[in-house]
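First the structure, in the form of structure tokens, and then the observations on it.
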Amino acid sequence: MNDNTEIKNPLAGVLRTERMPHIWCPGCGIGSVVTCFAEATKRSNIDPDKLAVVSGIGCSGRMAGYVNFDSIHSTHGRAIPVATGLKLANPKLKVVVFSGDGDLTGIGGNHFIHAARRNMDLVVICVNNFTYGMTGGQVTPTTPSSANASTTPYGNYEYPFSLPFLADAAGATYVARWTSLHSRNITQSIEEALQRRGFSFIEVITPCTTLYLRRNRLGDGVDTLQYYQNNAVIKHGIDTRETAIGFQGQIVVGKFVDRPKPDYLESATRCNVKFIGDDYQLYGKTEPEKQAEEEAKKAASGGESAV
Amino acid sequence: MSTTEIRFSGFGGQGIIRCALITGKALSLYDNKFATMTQSFGPEARGSACSAQVVVSDERVLYPYITRPGVLMALSQEAYDKYWGELPDGGILITDEDLVKMGSDHPNLAVRRVPATRFAESLGNRLFTNLVALGFFTAVTGVATADAMKKALPGLVPGRFLKINIKAFEKGYEHGVQCMAGSAP
Amino acid sequence: MNIVTADPKGVDAGPHFMDGDHAIAEGALAAGCRFFAGYPITPSTETAERFAERAPEVGALFIQMEDEIASIAALIGGAWGGQKVMTVTSGPGFSLMMENIGLAVMTETPMVIANVQRGGPSTGLPTLTAQQDMLQVRFGSHGDYNIIALSPDSPQECFDLTIEAFNLSEFYRVPVFIMTDETVGHMHEKVVIPPADQIKVVERNLYKGPKEDFRPYGFDSQGGHPMTRAGDGYRFHITGLTHNERGYPVMTPEQNQIVLTHLIEKINGNADKIIRLEEDQVEGAEVVVLSYGITSRIAVRAVQEARKKGLKVGSLRLITVWPFCEQRIRDLSQKVKAIVVPEINYGQMVREVERSAAGRCQVVSVNHCGGAVHDPLVILKAIEEACR
């Protein structure tokens, strides 16, 4: 890259520009979601030092490496439990999981439903392109029936997950779905999710131009955006059982679920306060830290009286 | 080096494991001995049969399991049937006289019988059977001191039942002392 | 090394009659561990239960995860979130953890994992003792790497070595394993927990310099490199991919050599600082019995019997199992007739002994397929035969 360039990337503070160019293919939808995420972090006024991003493996798993926040690129499917540990060890953090459909709901499916069940305070963004991109276009738990993938070369004969339904049923307290065409809505959903507590799930349907589109002869990225334009229907608050996606069929989008409920840490704290009393404090200061603080206080007040 | 191996046995819910824990704690914390307590785990340890073992020594216990028990406390028929045969000549056999029907007089063993369940019922609850038996055990074996055993109780019996458990222990202990003096009824 | 005394909040000082599993939980709390993620599995569950029970009063957090995969993943997050972290498991759960043990090694994340071993393979003997995971702990995750493993022989040592495990883990930034077994885990004995001011604890070396100079890694084959925690403003990135000192992926053979050499040599190169052995009458012995964990207690009984018969037998106990005490065995192999190695497996650590002795003395494996400890007489017989 040219170091003398005068034009500054508008997302410079949010992205690790020294790591550009990224690895994503032209026309891939991940970049759009990253842009929306970056915009949402700015708009939400969240302290960037208190924001952490965790991802797993796959194309979208690389996202953690490009954002200028504390970030962990973990193992396949394990972003959610890693994020869970990060959040619980340091409750002041806002932790975002950035993941793909295979990573999150295939190998990581169990973690996904349990984090939703616990209402763990995480923002989980799933870039759903219906395929395992990094390994070359295999079928995933969300690949529509009859779609072609490298491991279903004669068409997919399995039934796919509808992720909003899965998240809702498992206990997620915020569920939204958009396509990569809906950048303003994605940004707004991420912003809302960043500002609330609990398990927030945002699915973004995106094109995988290199594999899914080509293999299914669906044209290029522009054709896909056209398809989204024609087939995405906004239905806020709809019963998530109505959100299944058939091959090249209608895509129901919108904010489906937004219900307040105490998150994991709130519930844990409430339970422990009942047991220990009001001076219960998770982690808190160690005794030596407390002593040092008191001594410092004493020294300070002693100093004042001397004056 | 003097080493004693003790087996506590009975049926689940009788507080057998508790007996072993109290004895091990008393010996190692208050009687200045080395004691290692083990128990059987898993499906075989749930339900009817229940057994725990304590090895006591003046030196560090190396082998943690029972090889040649000097004392067997059997508080159920099944436990008696299963374990009495492992006692060598001179071994001490302690049973609940109402719960265990002995197949023999065991002339080669020192047989000590206590109406532990009956005593516990007289104190208001069958649940104290184990403490009565433990008091009796303490008096007739002399393995641990009564003082140490009583000191070991807090934390191993529910706080609100501490007093009544001590009472149960003492009742069994007194019976044991009388038994050893040959004056037990 | 930043050594402080323990936070009294986590120290339940005094004498206790406690089993090994509980002692591990107490050791962890005393060492400053405040985050535990685990999944129940016999015979290790009591550690999790103890930690869960004590957590609120200490201000620690316990979470039961959906499986062992999630448990160890949560530890990685927890450690980079700034806490000292641990989990505990047994064979089947240990197998599930292997994936992210690799990630912890690769990202140099400090954590302590206790494996209360039971008989295997597979579900095997869930409630019965074994020492069958001694090679798995060293080699079980894919790729080349190195770890530290300690093996306590009593509940007291479960407490003591758990603290040591945390201290080593914090300094070397590597997962440290407590390789105990069902017998020690479930055995109750006296455990004396010293007052907090007598417990030495290694604090995490948190980076405090200028942001632009922060590097999560330093590939110098040494421990002590500072790390950070999320939220402190250093904007770290860590990955399981081969990476540079900044933590960014660099996937070349050259970089992998740099990273891997560091990961392995920070342990190997400091082996003499890490390794702790307990020796008894090894000098001048004709035969030495090498053992670890519960087996060492049984072995000592056999050694005592052998000495009564006038045999010159020494006893060597591995407190640190990995890194293996190669140098000591090399030296010994030139002086003794034989090294007898009883262990509750089909012959695992004995391979290391054979490798280090390299034919200079006889190496006798006294194996046992698990479910019980050795009969001391079997070890005695092996000693007698080796003395002949």
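The values are calculated or read from the model by the stated rules, or taken from the named source; none is laboratory data. As the structure is a prediction and not an experimental result, all values here were calculated from the model. Cβ coordinates were reconstructed from backbone atoms using ideal geometry, including for glycine residues, and neighbour counts include every protein chain displayed. Side chains included, ligands, DNA and RNA excluded: accessible areas come from the protein's heavy atoms. Shrake-Rupley method; radii C 1.70, N 1.55, O 1.52, S 1.80 Å.
Considering each of C:Ala23, C:Ala37, C:Ala55 in turn, give the residue that is surrounded by 23 or more Cβ atoms within 10 Å (Cβ to Cβ) and either assigned to a helix (DSSP H, G or I) or at pLDDT below 95 (or both).
Numbers: C:Ala37 fails: either assigned to a helix (DSSP H, G or I) or at pLDDT below 95 (or both); C:Ala55 fails: surrounded by 23 or more Cβ atoms within 10 Å (Cβ to Cβ).
Only one candidate passes the filter, namely C:Ala23.
Just to be sure, is A:Phe165 assigned by TED's automatic domain parsing to the domain that holds A:Ile245, open to solvent by 30 Å² or more (accessible area, probe 1.4 Å), assigned to a loop (DSSP other than H, G, I, E, B) and at negative phi? If you could, list the steps in order and put the result at the bottom.
Values: assigned by TED's automatic domain parsing to the domain that holds A:Ile245: yes; open to solvent by 30 Å² or more (accessible area, probe 1.4 Å): yes; assigned to a loop (DSSP other than H, G, I, E, B): no; at negative phi: yes.
It is false that A:Phe165 is assigned by TED's automatic domain parsing to the domain that holds A:Ile245, open to solvent by 30 Å² or more (accessible area, probe 1.4 Å), assigned to a loop (DSSP other than H, G, I, E, B) and at negative phi.
Quick one: which residue in A:Thr179, A:Thr143, A:Thr152 is within 17 Å of the chain's Cα centre (by Cα) and either buried (at least 24 other Cβ atoms within 10 Å of the Cβ) or of a type in the set (Ser, Thr, Tyr) (or both)? So that I can check it myself, show each step before the final result.
On the way: A:Thr143 fails: within 17 Å of the chain's Cα centre (by Cα); A:Thr152 fails: within 17 Å of the chain's Cα centre (by Cα).
One residue alone meets the criteria, A:Thr179.
Taking into account only those residues within region B:2-29 that are small (Gly, Ala, Ser) and open to solvent by less than 20 Å² (accessible area, probe 1.4 Å), which is nearest to the other protein chains (Cβ to nearest Cβ)? Give the steps one after another, and end with the answer.
Of the residues in region B:2-29, the ones small (Gly, Ala, Ser) are B:2, B:9-10, B:12-13, B:15, B:20, B:24, B:26, B:28.
Subset that is open to solvent by less than 20 Å² (accessible area, probe 1.4 Å): B:9-10, B:20, B:24, B:26, B:28.
On the way: B:Ser9: 17, B:Gly10: 18, B:Ala20: 8, B:Gly24: 6, B:Ala26: 9, B:Ser28: 4 Å.
Checked region B:2-29; the qualifying residue nearest to the other protein chains (Cβ to nearest Cβ) is B:Ser28.
So, in region C:24-44, exactly how many residues are in contact (Cβ under 8 Å) with a residue 40 or more places away in the chain and over 22 Å from C:Asp7 (Cβ atoms)?
Selection size over region C:24-44: 5.
Any chance you could count how many residues in region C:232-261 are crowded, with 18+ Cβ neighbours inside 10 Å, more than 11 Å from every other protein chain (Cβ to nearest Cβ) and either in contact with a Leu (Cβ under 7 Å, 6 or more places away or on another chain) or assigned to a loop (DSSP other than H, G, I, E, B) (or both)?
Number satisfying all stated conditions: 1.
Tally time: how many residues in region C:270-306 are under 30 Å from C:Gly218 (Cα atoms), assigned to a loop (DSSP other than H, G, I, E, B) and open to solvent by 50 Å² or more (accessible area, probe 1.4 Å)?
The qualifying residues number 1.
Considering only region B:119-185, give the helices (runs of 4 or more DSSP H) lying wholly within it that have at least 3 residues that are more than 21 Å from B:Ala74 (Cα to Cα) and not hydrophobic (A, V, I, L, M, F, W, C).
Details: elements: B:129-141, B:146-152, B:162-180.
It comes to B:146-152.
Condition (residue is closer than 18 Å to C:Gln132 by Cβ, touching a residue at least 12 places away in the same chain (Cβ under 8 Å) and either out of contact with any Asp or Glu (no Cβ under 8 Å at 6 or more places or on another chain) or surrounded by fewer than 23 Cβ atoms within 10 Å (Cβ to Cβ) (or both)) applied to region C:354-362: is it met by at least one residue?
The answer is no; no qualifying residue exists.
Mind checking whether some residue in region B:92-105 is more than 22 Å from B:Tyr173 (Cβ to Cβ), within 14 Å of chain C (Cβ to nearest Cβ) and modelled with pLDDT under 95?
no
Check region A:3-12 and report whether any residue there is modelled with pLDDT of 90 or more and either open to solvent by less than 10 Å² (accessible area, probe 1.4 Å) or among the acidic types (Asp, Glu) (or both). Walk me through how you get there before you give the answer.
Going residue by residue through region A:3-12, those that are modelled with pLDDT of 90 or more are none.
Within region A:3-12, not a single residue is modelled with pLDDT of 90 or more and either open to solvent by less than 10 Å² (accessible area, probe 1.4 Å) or among the acidic types (Asp, Glu) (or both).
If A:His111 satisfies every condition in (1) in contact (Cβ under 8 Å) with a residue 60 or more places away in the chain; (2) closer than 30 Å to A:Leu88 by Cα but one, which is the exception?
(1)
From A:Gly61, A:Gly102, A:Gly77, grab the single residue that is open to solvent by less than 20 Å² (accessible area, probe 1.4 Å) and in a loop (DSSP other than H, G, I, E, B).
On the way: A:Gly61 fails: in a loop (DSSP other than H, G, I, E, B); A:Gly102 fails: in a loop (DSSP other than H, G, I, E, B).
Result of the check over A:Gly61, A:Gly102, A:Gly77: A:Gly77.
Restricting to region A:64-108, and then to whatever is farther than 25 Å from C:Val85 by Cα and touching a His at 6+ places or on another chain (Cβ under 7 Å), can you tell me which residue is nearest to the other protein chains (Cβ to nearest Cβ)?
Among residues in region A:64-108 that are farther than 25 Å from C:Val85 by Cα and touching a His at 6+ places or on another chain (Cβ under 7 Å), the one nearest to the other protein chains (Cβ to nearest Cβ) is A:Tyr66.
Rundown of residues vs (1) assigned to a strand (DSSP E or B); (2) under 22 Å from B:Gly15 (Cβ atoms); (3) open to solvent by 60 Å² or more (accessible area, probe 1.4 Å), yes/no style:
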{"residue": "B:Tyr63", "(1), (2), (3)": "no, no, no"}
{"residue": "B:Thr67", "(1), (2), (3)": "no, no, yes"}
{"residue": "B:Leu72", "(1), (2), (3)": "yes, yes, no"}
{"residue": "B:Glu78", "(1), (2), (3)": "no, yes, yes"}
{"residue": "B:Asp81", "(1), (2), (3)": "no, yes, yes"}
{"residue": "B:Asp89", "(1), (2), (3)": "no, no, yes"}
{"residue": "B:Val100", "(1), (2), (3)": "no, yes, no"}
{"residue": "B:Gly103", "(1), (2), (3)": "no, no, yes"}
{"residue": "B:Pro107", "(1), (2), (3)": "no, no, yes"}
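Show the residue pairs that are 6+ apart or on different chains and have beta-carbon atoms under 7 Å apart, the first residue being within region C:326-353 and within 23 Å of C:Val378 (Cα to Cα) and free of Cβ contacts under 8 Å to residues at least 24 places away in the same chain, the second being open to solvent by less than 10 Å² (accessible area, probe 1.4 Å) and among the aliphatic types (A, V, I, L, M).
Partner pairs satisfying both residue conditions: C:Val350/C:Val341.
All but one of (1) assigned to a helix (DSSP H, G or I); (2) in contact with a helix residue (DSSP H, G or I) (Cβ under 6 Å, 6 or more places away or on another chain) hold for C:Val364; state the number of the condition that does not hold.
It is condition (1) that C:Val364 fails.
Select, from A:Val95, A:Val53, A:Val34, A:Val82, the only residue that is assigned to a helix (DSSP H, G or I) and crowded, with 24+ Cβ neighbours inside 10 Å. Break it down stepwise before answering.
Values: A:Val95 fails: assigned to a helix (DSSP H, G or I); A:Val53 fails: assigned to a helix (DSSP H, G or I); A:Val34 fails: crowded, with 24+ Cβ neighbours inside 10 Å.
Sole residue among the options that is assigned to a helix (DSSP H, G or I) and crowded, with 24+ Cβ neighbours inside 10 Å: A:Val82.
Could you list, in sequence order, all residues of region B:41-61 that are within 11 Å of chain C (Cβ to nearest Cβ) and either crowded, with 22+ Cβ neighbours inside 10 Å or at pLDDT below 95 (or both)?
As a first pass, look at region B:41-61 and keep what is within 11 Å of chain C (Cβ to nearest Cβ): B:41-46, B:52-55, B:59-61.
Matches in region B:41-61: B:Phe41, B:Gly42, B:Pro43, B:Glu44, B:Ala45, B:Arg46, B:Ala52, B:Val54, B:Val55, B:Val61.
Would you mind stating whether C:Gln64 is touching a helix residue (DSSP H, G or I) at 6+ places or on another chain (Cβ under 8 Å), at the interface with chain A (Cβ under 7 Å from one of its Cβ atoms) and either of a type in the set (S, T, N, Q) or closer than 17 Å to C:Gly27 by Cα (or both)? Write out each step before concluding.
On the way: touching a helix residue (DSSP H, G or I) at 6+ places or on another chain (Cβ under 8 Å): yes; at the interface with chain A (Cβ under 7 Å from one of its Cβ atoms): no; either of a type in the set (S, T, N, Q) or closer than 17 Å to C:Gly27 by Cα (or both): yes.
Criteria not met by C:Gln64.
Any idea which of (1) out of contact with any helix residue (DSSP H, G or I) (no Cβ under 8 Å at 6 or more places or on another chain); (2) within 25 Å of A:Ala89 (Cβ to Cβ); (3) within 14 Å of chain A (Cβ to nearest Cβ); (4) open to solvent by 30 Å² or more (accessible area, probe 1.4 Å) is the one C:Glu212 doesn't satisfy?
(2)
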